[in-house]
Amino acid sequence: MLHARAFQPTSVSLLIRDGLVVTMDTPRTVVNPGAVAVQGDRIVAVGPVDAITRAYTAADTIDAADQVVMPGLINTHTHAAMVLYRGLADDLALMEWLQKYIFPAEARTVSASMVEIGTRLAALEMIRSGTTTFVDMYYFEEEAAKAAKSAGLRGVLGETIIGFPVPDAKTPKEALARAETFIKMFRGDPLIVPAVAPHALYTNDAATLQAARALADRYQVPLLIHLAETQDEVAIAREKHRRSPVGYLDSIGFWGPRTLAAHAVHVPEADIPVLKRHGIGISHNPESNMKLASGTAPVPRYLQAGIAVGLGTDGAASNNDLDMFEAMRQAAFLHKLATGDPRVISAPVALEMATMGGARALGMDREIGSLEPGKRADLIVVSMASPRQTPMYDPVSHLVYATRGDDVTTTIVNGRVLMRDRKVLSLNEREVLNAARAFAGKVKEAVR
């Protein structure tokens with residue numbers, strides 16, 4: 001007589017169970033109570049907790065009862081090391097802020113050590129507030145990459161190319177050479193995606209912008225640029241090139257695949273099809289744009305045109321934090337106010353921009369942005385226990401309109417638990433904070 005073989009559950013490395021799982025998959029599946037099974041750096045299953053726990057046994061289990069389990073947030077634009085200039089100069093327009101305060105402070109204090117210290121501080125802040133992937137544009141980017149890897153964060157990191165002497169390169173040619181070295185150093189890395197980052201059209205000439213495009217194409221890596229952030233930039237483009245910023249960059253052959261444009265505030269209707277045609281991703285930075293009075297990006301028009309839009313915080317020197325929950329909330333509020341339509345950027349749309357929208361803008365939507373089998377295990381667990389989150393009728397509404405970064409209890413990137421029950425495991429918090437405070441003394445001396 002034959003006997004049925006006893007079912008043996010599959011062994012996995014990590015199981016997150018009993019939470020309300022907001023997947024952000026195409027049908028926007030929510031499972032309650034749900035579970036996520038992880039093996040190594042990949043998600044292997046998402047579903048009802050009973051089904052998942054019958055099918056899988058784990059070396060490590062995280063109890064997410066009464067909490068939301070969701071994809072990690074994707075910050076599509078920042079300058080991580082600039083956390084060390086947080087609050088250095090406030091309440092100014094962008095050009096005055098840059099030229100009178102930030103550029104001089106950077107000239108006196110930016111170094112490889114500064115970037116390492118600042119990126120570690122930014123990584124600590126991002127891990128504690130639920131960001132699992134960040135896009136960075138700064139100097140000594142190899143130090144940012146090393147710090148991000150050590151902290152366990154995923155990063156799309158671009159070596160800045162700019163048309164005047166800066167601490168890590170005296171000329172654009174030298175910056176391009178540094179960018180190529182950086183690409184070779186981190187190409188194929190499981191966490192770091194190297195990128196080329198020409199600062200803006202007003203800080204680079206046409207030859208440099210074209211060389212940056214060619215470098216990105218040669219290695220098939222992302223290209224990052226600030227675009228049409230202020231009316232001043234538009235005026236420069238019109239005066240020097242007789243075109244809009246989008247039109248000028250199109251005329252020199254700059255636009256192409258794997259390109260992420262930060263801000264894109266002052267883009268006329270006629271230029272939106274140009275961005276769409278080239279598959280350009282947009283990083284919307286509502287808090288920085290409001291604080292610097294730069295303007296309101298036409299995000300509803302981008303979304304209507306089918307352009308991929310993600311959210312960014314910008315650097316903490318102009319924001320002044322890296323909390324992506326705040327970015328979601330402000331994005332929703334800003335466009336409701338600007339258009340007079342309370343439905344224009346809804347809570348689901350804001351959450352989409354912080355997760356799958358950012359992934360699409362980066363061309364990484366097959367790897368990150370939602371909780372689905374086969375994707376990278378980048379996820380967070382968010383407490384819903386605070387008074388301001390009680391009661392909860394709609395988890396998506398709460399994530400956008402009530403939740404803050406410090407409600408995140410657990411952060412996981414590539415299957416590695418970086419923070420558990422609010423304790424950061426991948427960084428020594430005291431050492432990071434002490435190093436940042438010590439460096440702040442140097443900044444104070446330099447800007448006297």
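The values are calculated or read from the model by the stated rules, or taken from the named source; none is laboratory data. Nothing here was measured: the structure is a model prediction, and the numbers come from that model. Cβ sites come from the backbone with ideal geometry, for glycine too, and all protein chains shown count toward neighbours.
When you scan the stretch 416-427, do you find a residue that is under 29 Å from LEU351 (Cβ atoms), surrounded by fewer than 20 Cβ atoms within 10 Å (Cβ to Cβ) and hydroxyl-bearing (Ser, Thr, Tyr), even just one?
yes
From ARG376, ARG388, which residue is within 18 Å of the chain's Cα centre (by Cα), farther than 17 Å from ARG128 by Cβ and of a type in the set (D, E, K, R)? Working first, answer last.
Numbers: ARG388 fails: within 18 Å of the chain's Cα centre (by Cα).
Answer to the selection: ARG376.
Can you give me the number of residues within the stretch 127-178 that are modelled with pLDDT of 95 or more, out of contact with any Lys or Arg (no Cβ under 9 Å at 6 or more places or on another chain), among the aliphatic types (A, V, I, L, M) and farther than 25 Å from LEU311 by Cα?
3
Please verify whether the stretch 122-145 includes one or more residues that are within 19 Å of the chain's Cα centre (by Cα) and surrounded by fewer than 17 Cβ atoms within 10 Å (Cβ to Cβ).
no
Can you name the condition, by its number, that ALA105 falls short on among (1) in contact with a Ser or Thr (Cβ under 7 Å, 6 or more places away or on another chain); (2) under 26 Å from ALA293 (Cβ atoms)?
All conditions pass for ALA105, except number (1).
So which helices (runs of 4 or more DSSP H) are wholly in the stretch 236-300 and hold at least 1 residues that are outside the structural domain of MET95 (by TED's automatic domain parsing) and modelled with pLDDT under 95?
Numbers: elements: 245-251, 272-277, 286-291.
Answer list for the stretch 236-300: none.
Has the stretch 77-88 got any residue that is at pLDDT 95 or above, part of a strand (DSSP E or B) and in contact with a strand residue (DSSP E or B) (Cβ under 7 Å, 6 or more places away or on another chain)?
Yes: one or more hits.
Does the stretch 386-411 hold any residues that are among the acidic types (Asp, Glu), under 17 Å from ASP323 (Cβ atoms) and surrounded by fewer than 23 Cβ atoms within 10 Å (Cβ to Cβ), and which are they?
Filtering the stretch 386-411 for residues among the acidic types (Asp, Glu) gives 394, 406-407.
Still in the running and under 17 Å from ASP323 (Cβ atoms): 406-407.
Across the stretch 386-411, the qualifying residue is only ASP406.
With the condition being within 22 Å of ARG42 (Cα to Cα), I'd like the helices (runs of 4 or more DSSP H) fully within the stretch 94-160 carrying at least 1 qualifying residues. Before the answer, list the steps.
Values: elements: 94-97, 103-109, 112-128, 141-151.
In the stretch 94-160, 112-128, 141-151 are the helices (runs of 4 or more DSSP H) which contain 1 or more residues that are within 22 Å of ARG42 (Cα to Cα).
When the residues of the stretch 104-121 are filtered to those that are buried (at least 21 other Cβ atoms within 10 Å of the Cβ) and without any contact (Cβ under 8 Å) to a residue 40 or more places away in the chain, which remaining residue is farthest from the chain's Cα centre (by Cα)?
This residue is VAL115.
Could you please let me know if THR61 is over 16 Å from VAL381 (Cα atoms) and modelled with pLDDT of 95 or more?
Values: over 16 Å from VAL381 (Cα atoms): no; modelled with pLDDT of 95 or more: yes.
Taking the combined requirement at face value, the residue does not satisfy it.
Taking the conditions exactly as written (polar (S, T, N, Q), surrounded by fewer than 24 Cβ atoms within 10 Å (Cβ to Cβ) and assigned to a helix (DSSP H, G or I)), does THR181 satisfy them or not?
Values: polar (S, T, N, Q): yes; surrounded by fewer than 24 Cβ atoms within 10 Å (Cβ to Cβ): yes; assigned to a helix (DSSP H, G or I): yes.
It is true that THR181 is polar (S, T, N, Q), surrounded by fewer than 24 Cβ atoms within 10 Å (Cβ to Cβ) and assigned to a helix (DSSP H, G or I).
Report whether or not THR355 is more than 30 Å from GLY256 (Cβ to Cβ) and either hydrophobic (A, V, I, L, M, F, W, C) or in contact with a strand residue (DSSP E or B) (Cβ under 6 Å, 6 or more places away or on another chain) (or both). Before you say what the answer is, go through the steps one by one.
Numbers: more than 30 Å from GLY256 (Cβ to Cβ): no; either hydrophobic (A, V, I, L, M, F, W, C) or in contact with a strand residue (DSSP E or B) (Cβ under 6 Å, 6 or more places away or on another chain) (or both): yes.
Against the criterion (more than 30 Å from GLY256 (Cβ to Cβ) and either hydrophobic (A, V, I, L, M, F, W, C) or in contact with a strand residue (DSSP E or B) (Cβ under 6 Å, 6 or more places away or on another chain) (or both)), THR355 does not qualify.
If you take the residues of the stretch 90-103 that are farther than 27 Å from GLY155 by Cα and either in contact with a strand residue (DSSP E or B) (Cβ under 8 Å, 6 or more places away or on another chain) or of a type outside the set (D, E, K, R) (or both), which of them is surrounded by the fewest Cβ atoms within 10 Å (Cβ to Cβ)? Can you show your working first?
Kept after step one, since they are farther than 27 Å from GLY155 by Cα, are these residues of the stretch 90-103: 90-93, 95-96, 99-101.
Narrowing the set further to residues that are either in contact with a strand residue (DSSP E or B) (Cβ under 8 Å, 6 or more places away or on another chain) or of a type outside the set (D, E, K, R) (or both) leaves 92-93, 95, 99, 101.
On the way: LEU92: 17, ALA93: 13, MET95: 15, GLN99: 11, TYR101: 17.
Of everything passing the filter in the stretch 90-103, GLN99 is surrounded by the fewest Cβ atoms within 10 Å (Cβ to Cβ).
Exactly one of these conditions fails for HIS77: (1) without any contact (Cβ under 8 Å) to a residue 60 or more places away in the chain; (2) outside the structural domain of ARG416 (by TED's automatic domain parsing); (3) not polar (S, T, N, Q). Give me its number.
(1)
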